[in-house]
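Trainee: Before I ask anything, here is the structure I am working with.
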Amino acid sequence: MDKQFKRYLVTSALPYANGPVHIGHLAGVYVPSDIYVRYLRLKGRDVLSVCGSDEHGVPITLKARKEGVTPQDIVDRYHEIIKSSFERLGMSFDIYSRTTSPMHNVTASDFFRKLYDEGKFIEKSSMQYYDQEAQTFLADRYIVGTCPKCGAEGAYGDQCEKCGSTLSPDELLDPHSAVSGSVPVKRETKHWYLPLDQYEAFLREWILEGHKEWKSNVYGQCKSWLDGGLQPRAVSRDLDWGIPVPVEGADGKVLYVWFDAPIGYISATKELTPDWEKYWKDPETKLVHFIGKDNIVFHCIVFPSMLKAHGDYILPENVPANEFLNLEGRKISTSKNYAVWLHEYLEDFPGKEDVLRYVLCANAPETKDNDFTWKDFQNRNNNELVAVLGNFVNRALVLTQKYYEGRVPACGELSDFDRETIAELSEIKPRLEAAIESYRFREALKEAMNYARIGNKYLADSEPWKVVKTDPARVETILNIALQITADIAVAVEPFMPFTSAKILRMLNIGKFDWERLGALDLVPAGHVIAQPELLFEKIDDAAIDKQLDKLQKATEALLAAEAAQHIEPQKDSVSFDDFSRMDIRISTVLAAERVPKTKKLLKLTVDTGIDTREIVSGIAEYFTPEELVGKQVPVLVNLEPRDLKGITSRGMILMAEDADGKLRLLQPGEKVASGSIVG
C-alpha cells in the first residue's frame, strides 16, 4: 500500500504545442494521471496536479516556417486547442500553464543561472552543421537526409520516423538543411553541458538500489542507460526561439528544450500557489511524474540530475511510464495525421467523454504496446458500459420508481444470499486501492466494475420483479441493497469516469461521497426520494464506427502514399532494347507449393509456364502460405540461369512488387490468361 505523505505533487508530461493531443497521449499519460489524482482527492489527500504546454523547440519553428507564421502563433493556437480538449474530457488539473509564460521564463533562467554560478556546467566547443545560406546553426531537427538504418528519405538529424531509430546528424546520408535545402557545412560553436557522468553514482544508488519497486519498463530502461555509461548533455542550443541563455556571450543561444520543459512543472506550481515550495522542497511531499516511455530518460536521468545539481528540490518517488498505444495495428503518426485526435473525438461523440476514458484505461499499454481499434471501442461500450454498468444502475433506479414512487425502501432482515453478496462486495475496496496505489489502473478499473457485475448477479438471482408478487417486504430489502451498490459505483468509478459518477449521483439525488464511505450500507437512507432515472449509456451503432474507419482509411492511404514516395528507388542505369528483349517473362500458374525443410523463408513452387512444368525456389515464405499461392497466376522470368538451392534446382524467378513497408505483393493479370502468355 502507498506510504503516507503529507502532500502529493502529480505532474503530467507537458504536451508539445505543435499539434493537438491524440489517444496515444491520453492512454500513455493523461488518463492514468487523472485517475490517480481524483483518487487521492477522494481520500482527502493534499494533492496538486500540474501540467501545461511545452512551447519551445525546433518542431514548433519548423511548423511556423512551413505555415508562414510566427512560432508564437503556432503555440497560441495549439495551447488553446489542447487546454480546451483536456477540460472537456474532464482532466482535473489544478493548473494548465505554458512554457512561454513570464513566470516560466524567470524560473528557468534562475535555475540555469544558479547552476552556472556554482560551476555545475562544463563549456565545450564542437563542430556543428551550419547553413551558409540562412546564416544559422542547424539543430538536429533542421537537418534531414537518408536514414542509414532503413534507407528512408526525410529522416531527421535526431530520429528516423520510419524505423524509429535514434540518430545523430553525422550518421545521416546526404544531409541537407531543412531551412534552405542547401548542403550544410561544419562550424565551431560553444555550448553548456550538464555532466551527467558526474551523477552516475548518485543515480545508480537512487534508482537501482532505492526504487526497485518502479515499473519494470522504467527500471529496465534506466538500468540500460546507466550500464551504457552517461555522457555530458548539452543544455543550450543555437536557436532564435526559446528562453535566452542568461549569461554574457550567449547571443543567439537558448535553453535546450529538454532543460527548459521539466522546469515547467516548477513554474506552473509557482504560478498556482505562493506555497509552491512545500510541494517541491519538503521531503514529506510525494512527487510523481506521469509520462510516456519516450520520456523516461529525461524524467529519470536528466531532470533528477538537474534537481540534484540545484540541491533545493525533492526527487520523484515514482515515474509510472506507460508504453505506446497503436491504432488499428499501425503506429500513430502525428506528422502523417494518422491518429484519433481528442478534439475531433469530442465533436464526433458528444456526451461520450467517459466512454473514451473507460476504453483507454481498459486497454492501456501499461506493460507493453497495445492497440486501439474502433470495433473494440464499440464492443466495450455496448457490452460492458451499456450491458453491465448501465443495465444494473437502470434496473435499480427504475424498479425503485416503479414499486415505491422513487422513495428508497428500508432494509429488512438479511438473507444468507444478501450476506454473501455484501461480503463479496466488501472484498473489492482493498483490491481497488492496492491497484491504484501501485499504478495498475487497468486492474483497478476491473475492480470498480465488479460492483456492477456483482449487482447484476444479485438482481438476476433475487428476481425482485417476481418476488414482489409473493413477498413485497423482501423486495424492499433487495432494492435497498441494490441502491447502496449503485451509490458505491458512483464512488468507485469517479476516478475513471467522473461524468458517469456525477450522473449517478444526480439520479440518486444525493451529494458526493468521500472514499472512506465506499462500501457502507447506508449511503442512501431509507425514505430518501431519488430523481427520475435516465439511461447511463447508449449503444454505439455500426454507422458511427464505419464513419471513423472511413476517416482512418483515408489517413492510411495518405500515409502509405507518403511512405511509398519516400521509398521509390532511383532509376537504374539504362539498358539497350536488345538486353531487355533477351528476358523471357511468361504468365505461369502455380500448381503446387510447399515449404523447403529447415528453412524459414523458402518455398518450393511447381509452376506451369506454358512451356513446361518446372520447380522454382522463392524466398517468400514470410509473406505467403503455400495454400494461398496454389492456383494463382504470376509472371515468371523463365530464362533465368538455373540455380541449386537446398538441393532443389530452381529454374526461374517469380516477379513481385515490394510495398513501402517492405511487404511483398503478388503481381497478377487482371483476368485469367493462358499459361505461357508473354509479358513484354
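The values are calculated or read from the model by the stated rules, or taken from the named source; none is laboratory data. All values derive from a computational prediction rather than experimental measurement. When we count neighbours, we look across all protein chains shown, and the Cβ atoms used for this are built from the backbone with ideal geometry, even at glycine. Protein only, heavy atoms only, side chains kept; ligands, DNA and RNA dropped before computing areas. Shrake-Rupley method; radii C 1.70, N 1.55, O 1.52, S 1.80 Å.
Here's the yes/no breakdown for (1) more than 23 Å from H191 (Cβ to Cβ); (2) not aliphatic (A, V, I, L, M):
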{"residue": "D131", "(1), (2)": "no, yes"}
{"residue": "F137", "(1), (2)": "no, yes"}
{"residue": "Y142", "(1), (2)": "no, yes"}
{"residue": "C147", "(1), (2)": "yes, yes"}
{"residue": "A152", "(1), (2)": "yes, no"}
{"residue": "Y156", "(1), (2)": "no, yes"}
{"residue": "Q159", "(1), (2)": "no, yes"}
{"residue": "S165", "(1), (2)": "yes, yes"}
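Trainee: Would you pick out the residues in the stretch 404-426 that are under 46 Å from the mean Cα position of the chain (by Cα) and either loosely packed, with under 13 Cβ neighbours inside 10 Å or in a helix (DSSP H, G or I) (or both)?
Mentor: Across the stretch 404-426, the qualifying residues are F417, D418, R419, E420, T421, I422, A423, E424, L425, S426.
Trainee: Pull out all pairs, ordered by first then second residue, where Cβ-Cβ is under 9 Å, the residues are six or more apart or on different chains, the first lies in the stretch 506-527 and is at pLDDT 95 or above, and the second is of a type in the set (F, W, Y).
Mentor: Short answer, once both residue conditions are applied: W515/Y39; L523/F513.
Trainee: Could you tell me which of the residues G351, G329, G311 is open to solvent by 20 Å² or more (accessible area, probe 1.4 Å), at positive phi and in contact with a strand residue (DSSP E or B) (Cβ under 8 Å, 6 or more places away or on another chain)?
Mentor: On inspection, the qualifying residue turns out to be G329.
Trainee: Let me ask you something else. Quick check, is E476 exposed (fewer than 14 other Cβ atoms within 10 Å of the Cβ), in a helix (DSSP H, G or I) and in contact (Cβ under 8 Å) with a residue 40 or more places away in the chain?
Mentor: no
Trainee: Would you confirm, using the coordinates I've provided, whether K503 is open to solvent by 70 Å² or more (accessible area, probe 1.4 Å) and either within 31 Å of the chain's Cα centre (by Cα) or closer than 19 Å to E353 by Cα (or both)?
Mentor: no
Trainee: Related question: V297 versus (1) out of contact with any strand residue (DSSP E or B) (no Cβ under 9 Å at 6 or more places or on another chain); (2) open to solvent by less than 10 Å² (accessible area, probe 1.4 Å): which is the lone unmet condition?
Mentor: (2)
Trainee: Consider A487 against the criteria (1) within 30 Å of S49 (Cβ to Cβ); (2) under 36 Å from the mean Cα position of the chain (by Cα); (3) among the small types (G, A, S); (4) surrounded by fewer than 22 Cβ atoms within 10 Å (Cβ to Cβ): it satisfies all of them except one. Which criterion is unmet?
Mentor: Failed condition: (4).
Trainee: Out of curiosity, is T136 more than 30 Å from K293 (Cβ to Cβ) and modelled with pLDDT under 85?
Mentor: yes
Trainee: Are there any strands (runs of 3 or more DSSP E) wholly within the stretch 567-680 with 1 or more residues that are at pLDDT 90 or above and open to solvent by less than 90 Å² (accessible area, probe 1.4 Å), and if so which?
Mentor: Qualifying strands (runs of 3 or more DSSP E): 585-595, 603-608, 613-618, 633-637, 648-650.
Trainee: Another question, if that's okay. Looking at (1) closer than 30 Å to Q221 by Cβ; (2) in a loop (DSSP other than H, G, I, E, B), find the lone condition where N326 falls short.
Mentor: Here N326 meets the rest and fails (2).
Trainee: A further question follows. Considering the stretch 137-162 alone, what residues qualify as being of a type in the set (S, T, N, Q) and more than 24 Å from D240 (Cβ to Cβ)?
Mentor: Hit for the stretch 137-162 is T146, nothing else.
Trainee: Where the second residue is part of a strand (DSSP E or B) and not aromatic (F, W, Y) and the first is farther than 21 Å from V47 by Cα and open to solvent by 20 Å² or more (accessible area, probe 1.4 Å) and lies in the stretch 77-97, which pairs have Cβ atoms under 9 Å and are six or more apart or on separate chains?
Mentor: Y78/S53
Trainee: Output the number of the condition that M306 fails; it satisfies all remaining conditions of (1) more than 26 Å from P232 (Cα to Cα); (2) not in a strand (DSSP E or B).
Mentor: Just one mismatch for M306, condition (1).
Trainee: With more than 12 Å from the chain's Cα centre (by Cα) and either at pLDDT 95 or above or β-branched (V, I, T) (or both) as the only criterion, which of I291, I301 stands out?
Mentor: From the options I291, I301, the qualifying one is I301.
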